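Everything on this sheet refers to the single structure shown next.
The values are calculated or read from the model by the stated rules, or taken from the named source; none is laboratory data. Worth saying up front: this structure is predicted, and the values here are computed from it rather than measured. All Cβ positions, glycine included, derive from the backbone under ideal geometry; neighbour counts span all protein chains shown. Surface areas here come from the heavy atoms of the whole protein model, side chains and all, with no ligands, DNA or RNA. Shrake-Rupley method; radii C 1.70, N 1.55, O 1.52, S 1.80 Å.
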Amino acid sequence: MVVKVEKIIPSKNIADTDEVISEEMDMKKKKYLRGEGANLKELKDKKLQGQLAVKEELYGKSATAAAKAEKWLMPTEGGYLEADGIEKTWRIKQDTIASEVDILSSRKQFDIVLPDFGPYTLEFTPSGRYMAAAGRKGHIAIVDMQNMKAIKELQVRETVRDVVFLHNELFFAAAQKKYPYIYNRDGTELHCLKEHGAVLKLQFLRNHFLLASINKFGQLRYQDVTTGQMVANIRTGLGRTDVMEVNPFNGVVAVGHSGGTVSMWKPTSAAPLVKMLCHPGPITALAFHPNGHLMATAGMERKIKIWDLRKFEVLQTLPGHSKALDFSQKGLLATATGSFVQVFGDLSGSQNYSRYMTHSVAKGYQVKKVTFRPYEDVLGIGHSMGWSSILIPGSGEPNFDSWVANPFETSKQRREKEVRSLLEKLPPESIMLDPTKIGSVRPERKKEKPTKEDIEAQMEAAIEAAKNIPMKKKTKGRSKPSKIAKKKQEAVEKAKKPFMEQHTNKRKLTEETHLPKSLERFVRKKTAA
């Protein structure tokens, strides 16, 4: 029996796929490089040339590691709508998108009609798994967005102005007619926060476990939900407002006022950190970019402005009126007025926003809140007749980090995350405009040495003050002119003494320094003795 052994020749397809993979890696590596490298051949200094060569090598290694991590840890890529020819993306309707997407994505597009309890405000958890919907007329619902099931519905039978989740989906706070209340997921009332008063807007600072609220008198309050302690009670002094947002980058709370100003606050300061005039009329809506460096404001003069918070300058002004604003994880900006919703996108990456998508809710519906669902290409719309969900391609982050927000977490993982977040809880003092300053040491200020003229002027002033000291009149010859003159002379000498000591110390130091080295050891012995 003869067995033939054939040589296995690698096919061209394997080589082609290797080339494609290497090209992809090079493209991803370029994204993480710090621009073009320095031209080391033109440098004459060999030492500097060697140092820069080592740095360039380190930059290349770090970019390669980041590209590999992106390949294996972030396999899903996000994408936007792309129009063919003269077609515009903002002309594409939701029906067209629903007919092209898969079944699971098409289920995320729906309308819930509840005309008796609106208008509704919405809030998502950081993972995007759960949603809280609160109607103005007292209806509150917690919905599992993955299974599309209502976990709990309750009717509080009074006005509900806002709702916000606390550190996880088990607890939420509702701003009701007189006071804000804290409930658990089963609808059980846990706390009534009477100190806050009639609250118009609620925000929760997740890294600090602080519940921030602003009431109808313009009072801003911070309460620690772990200890129940009222951390701060600040009177803004700028009137009633229901426009308030938290900057996710540094935890600073921004409040929009009727005078067109936006004030930024932290709990450890009674005065605003920043007070900037954004519009000539009242502020109607406010939103922060996830990176914390961009802020969008809308005013009554029918203009939407995008601000760079690093320079406090206007980057762009968009025409249009807006009652609600929200940024997505990928930087899309949703605006709403009446029954019309617009989405602006910075698709070129040059911080120049243009119209990306539009959507009209049923005529007569008044939109109150727009909010993007995290890690999903979904925009939630709360309006006067219920709430709606529409698809916005490219709005959500395609890859989630299970250590930050896990939509599929179990009860055990949730408990561990809660303990870990409590241990890593940040104090209120860590809230500041530039959080990179935390842990840095303030440079020591060099004390300027006073000149000879300054010392003489200080000594003359001290002598004049000593001469003008009033003397008490005493009996039995104690107030004789000679004794008064003697006391005044003693006061003058006492005032002169510190200045004279400085002068003598300087003379001693100079004398010691002029001594020869062979005699310095005797001087040291004398001073020690």
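Things worth noting here:
- Alpha carbon centroid spacing (whole Å) that separates region 223-288 from region 388-418: 28
- Dipole of the chain, positive end: most advanced residue of Met500, His167, Val378 [Cβ charges, Cα centre]: Met500
- Rounded to whole numbers, the Karplus 3J(HN,Hα) couplings from phi for region 345-360 are x, 9, 6, 7, x, 9, 6, 10, 7, 9, 5, 10, 8, 9, 7, 10 Hz, using 6.51 cos²θ - 1.76 cosθ + 1.60 with θ = phi - 60°, and x at Gly and Pro.
- Accessible-area ranking of Met357, Met385, largest first, probe 1.4 Å: Met385, Met357
- When you filter the trypsin sites (Lys or Arg not before Pro) in region 356-454 for DSSP loop state and at most 10 other Cβ atoms inside 10 Å of their Cβ, you are left with Lys363, Arg445, Lys446, Lys447.
- With contacts taken as Cα pairs under 8 Å at a separation of at least 6 residues, region 214-253 carries a relative contact order of 37 percent.
- Only one residue of Ala324, Ser389, Thr436 has its Cα farthest out toward the positive end of the dipole of the chain, where Lys and Arg carry +1 and Asp and Glu -1 on Cβ, and that residue is Thr436.
- Restriction of the GluC sites (Glu not before Pro) in region 388-426 to DSSP coil positions whose beta-carbon has at most 11 other beta-carbons within 10 angstrom yields Glu424.
- Loop sites in region 208-255: trypsin sites (Lys or Arg not before Pro), DSSP, at most 13 other Cβ within 10 Å: Arg240
- When chymotrypsin sites (Phe, Trp or Tyr not before Pro) are flagged only if DSSP places them in a loop and at most 13 other Cβ atoms lie within 10 Å, the longest unflagged stretch of the chain comes out as 1-216.
- Percent RCO, i.e. relative contact order, over the chain, from Cα pairs under 8 Å lying at least 6 residues apart: 10
- Percentage relative contact order, region 147-212, counting C-alpha pairs under 8 Å, at least six apart: 27
- Pairwise label distance in nanometres, Asn207 with Lys488, each label 7 Å out on the Cα-Cβ vector: 6.6
- Cross-link reach is defined here as a Cα-Cα straight distance under 19 Å, omitting same-chain residues fewer than 8 places apart; for Lys44 the lysines meeting it are Lys55.
- The distance separating the Cα centre of region 43-92 from that of region 120-134 comes to 34 Å.
- The residues of region 333-453 present an accessible area of 60 Å² per residue when probed at 1.4 Å with all protein chains retained.
- A dipole drawn for the chain from +1 and -1 charges on Cβ atoms has a positive end, and of Thr76, Gly338, Pro267 the residue lying farthest that way is Pro267.
- Accessible area, probe 1.4 Å, largest first, for residues Glu56, Glu429: Glu429, Glu56
- Which label in (1) 23.9, 98; (2) 29.4, 106; (3) 34.6, 145 gives the computed Rg and Dmax of the Cα atoms in Å: (3)
- A 1.4 Å probe, protein heavy atoms only, puts the accessible area of Arg521 near 130 Å².
- The chain, helix-only ellipticity at 222 nm - DSSP H runs n ≥ 4, -39,500 (n - 2.57), divided by all residues, nearest 500: -8500 deg cm²/dmol
- Dipole magnitude (debye, nearest 20) for the chain, charges at Cβ of Lys, Arg, Asp, Glu: 4720
- Scanning the chain for DSSP H helices at least 27 Å long along the axis (C-alpha atoms) with a Kyte-Doolittle mean no lower than -1.0 picks out 46-73.
- Accessible surface of the chain, 1.4 Å probe, proportion on carbon and sulfur as whole %: 53
- Accessible area, probe 1.4 Å, largest first, for residues Ser213, Ser440: Ser440, Ser213
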